[in-house]
Amino acid sequence: MRWPWSPRRSGQRLLLRRVGEQHAFVLTDGPPGDEAVRLLRWGLTADAKPVLAGDAIALLDPADYLVLKVDTPNVPQEELKSAARWQIKELVDVDLAELTLDVMHVGGDVERPNTASARQLFVVAARNAAIKSLTEGAAALTDLLSVVDIWETALRNLLARQARADELSDRACAAVLVDEGHCLLVVCVGDELFYTRRLEGDPSLRARARGEQTEASAAELPLGFEYQPGSSFDGSSAPESPLVVELQRSIDVWERSWPDLPLARLYVVTAEHGPEVATLIQRELGQRTVALDALAAFAADAPTPEGDAQQALAACLPLLGAALRTETREL
């Protein structure tokens, strides 16, 4: 109950993460509902000033947690975390006492027909020290931090929203988030996360997508070039992108694991040159690929970001996904 003289909490939601010595933040008018969520403030700042909000969600850096997959233990729902703790003890290199765990069913909590394989769980194992550091750093902005979220579910939220907009909610769709330090893939059907993988990045991806990196043609080969049997005189083909190779391997794994759910579309989430990157990946991968505009998930009257616009967008991409969170469970 609420005492008559207690202050009423704001309905606004604050999302935040630490980026080096700076704070990335997103302030919205509340959780998702019938109306599009409104962005009230967002950006990247070195000034840790309090932000008024009714609740707050902090995002862990991917280096501070693992997402593991295990067979679902045959125990009651309320005992899943305890059982999962023992299942992952051989998969982590730290004492289990140093970890906080959460679990979610692969593909949601609904049994899938025509599937002979055992149901599986995602187990999120986060370092206690990292959670403590994150919450202590967030204290300068808010004292209402109630949820610690992860990038995989944030990207899932963006993907699920875009799939609904494109009338693909009943199809398997994937999204890959690409920034300077991370490359993350998720596959979802509707609102449920089925697959996730961290990929090797490609530092030259954006340059090639913009046509700024060219390969030497056969005509430009230096004198003394020696032809080797099995090689080609055509020197114009670029070396395979490690990102595209990893994407292809991941799609192959997906198609073997879920043959009844062929991948309908791949979305690219990046702060710079998204359409060009999507076009390049589609050409090299042979999979329908389009850019996903994270800001399109919000009302059209979004304010300009605080701080450098490009850096702010890159830092806030996962926060924009976390802002679409509808779960009420805490990690």
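The numbers here are math on the coordinates, done by the rules we state, and not lab data. These numbers were taken from a predicted model, which means no experiment stands behind them. For neighbour counting, all protein chains shown are included, and Cβ atoms are generated from backbone atoms with ideal geometry for every residue, glycine included.
Among 135-146, 16-27, sorting by the average number of other beta carbon atoms lying within 10 angstrom of each residue, highest first, gives 16-27, 135-146. With the simple spin-label model, which puts each label point 7 Å out from Cα in the Cβ direction, the residue 49 to residue 96 separation comes to 4.7 nm. Using a cut-off of 14 Å between alpha-carbon atoms, which aspartates and glutamates can reach residue 69, once sequence neighbours fewer than 8 places away in the same chain are excluded? Those aspartates and glutamates meeting the cut-off are 90, 102, 152. At full extension, residue 146 and residue 36 could sit 37.3 nm farther apart than now, given 0.36 nm per residue minus the alpha carbon distance.
Remark: the residue 89-residue 245 segment gains 53.1 nm on full extension, using 0.36 nm per residue and subtracting the alpha carbon distance.
The GluC sites (Glu not before Pro) of segment 244-308 that meet both conditions, a loop assignment by DSSP and at most 15 other Cβ atoms within 10 Å of the site Cβ, are 272.
Under the simplified labelling scheme, the residue 282-residue 204 pair shows an inter-label distance of 2.4 nm, with each label point 7 Å from Cα along Cα→Cβ.
Of the trypsin sites (Lys or Arg not before Pro) in segment 124-218, the ones in a loop by DSSP (not H, G, I, E or B) with at most 15 other beta carbons within 10 Å are 210. Restriction of the GluC sites (Glu not before Pro) in segment 157-204 to DSSP coil positions whose beta-carbon has at most 14 other beta-carbons within 10 angstrom yields 167, 180, 200. What FRET efficiency do you get for residue 167 and residue 272 if R0 is 30 Å and r is their Cβ-Cβ distance, rounded to the nearest 0.05? So the FRET efficiency works out to roughly 0.60. For the pair residue 133 and residue 310 in one chain, pulling the backbone fully straight at 0.36 nm per residue adds 61.1 nm over the alpha carbon distance. By the rule of a C-alpha distance below 17 Å, with chain neighbours fewer than 8 residues away ignored, the aspartates and glutamates paired with residue 49 are 21, 136, 143, 306.
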